[in-house]
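Only one structure is covered here, and it is reproduced in the block below.
The values are calculated or read from the model by the stated rules, or taken from the named source; none is laboratory data. Keep in mind that what you see is a predicted model, and the values were worked out from it rather than measured. Please note: Cβ atoms are built from the backbone with ideal geometry, for glycine as well, and neighbour counts cover all protein chains shown.
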């Protein structure tokens, strides 16, 4: 693993995005609703990795994903966000990251809010660049702790949440439980509402969902998927009332996507 490549802003980055977005639009046709340039290369003056990050909005995740793979994009999975196929591609000297979302997914607005705030606020933009430069010599690219995200991403998390709070982020977001703060929140919610229940983070058959209200974790659910593709809900905990329907419906939709047609309630 190499040192994380953090470089000064390159004025050519937007042109790389424009050229690649034209290729994507041409290939996806009606499956492409919109394309957005996000990440460090989308913010003029921001130091960062020389990787062009994009969001593609679609009405059909499956068809759009297949078309993107035909363009040479490598599907890496959903990673920490349900219903977000993530891709990357290296072409000549350019690297691209692509986040595929259904139109209207709240994660789209979150990313654009973060981008636009940094575009408009020089002080925070410079602070973010300095943070990246300070992390680069200390962290090898791709290195992970026992969290399921890179150490580099983990170290930026507090800053990103601070900016989203300043920008006035609102709404509900469902994520997979992937890093230390989420593991701790899951344990706290388990201890408060289901003391003694096993938190099985080691088995691939257990799926862990976190519910955020803006940047605050307010819910946790643990679902086991058995070999016969039936599901068992072991923990469903919320620290705020009024969001249970949204949370459970999102979980059920994701389970249906992976072929789970029946879910049993094991909450006592």
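Which condition does residue 230 not pass, out of (1) outside the structural domain of residue 128 (by TED's automatic domain parsing); (2) at pLDDT 95 or above, if it passes all the others?
(2)
From 79, 61, which residue is farther than 22 Å from residue 129 by Cβ and without any contact (Cβ under 8 Å) to a residue 60 or more places away in the chain?
The unique qualifying residue is 61.
Residue-by-condition table, conditions (1) assigned by TED's automatic domain parsing to the domain that holds residue 238; (2) closer than 19 Å to residue 107 by Cβ; (3) at pLDDT below 95:
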| position | (1), (2), (3) |
| --- | --- |
| 154 | no, yes, yes |
| 162 | no, yes, no |
| 176 | yes, yes, no |
| 180 | yes, no, yes |
| 187 | yes, no, no |
| 195 | yes, no, yes |
| 198 | yes, no, yes |
| 204 | yes, no, yes |
| 207 | yes, yes, no |
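Just the residues that are surrounded by fewer than 23 Cβ atoms within 10 Å (Cβ to Cβ) and touching a residue at least 12 places away in the same chain (Cβ under 8 Å), please, taken from region 210-222.
If the condition is that a residue be surrounded by fewer than 23 Cβ atoms within 10 Å (Cβ to Cβ) and touching a residue at least 12 places away in the same chain (Cβ under 8 Å), then 212, 213, 214, 215, 217, 218 are the ones that fit.
What is the one condition in (1) farther than 23 Å from residue 172 by Cα; (2) out of contact with any helix residue (DSSP H, G or I) (no Cβ under 8 Å at 6 or more places or on another chain) that residue 201 does not satisfy?
For residue 201, the exception is condition (2).
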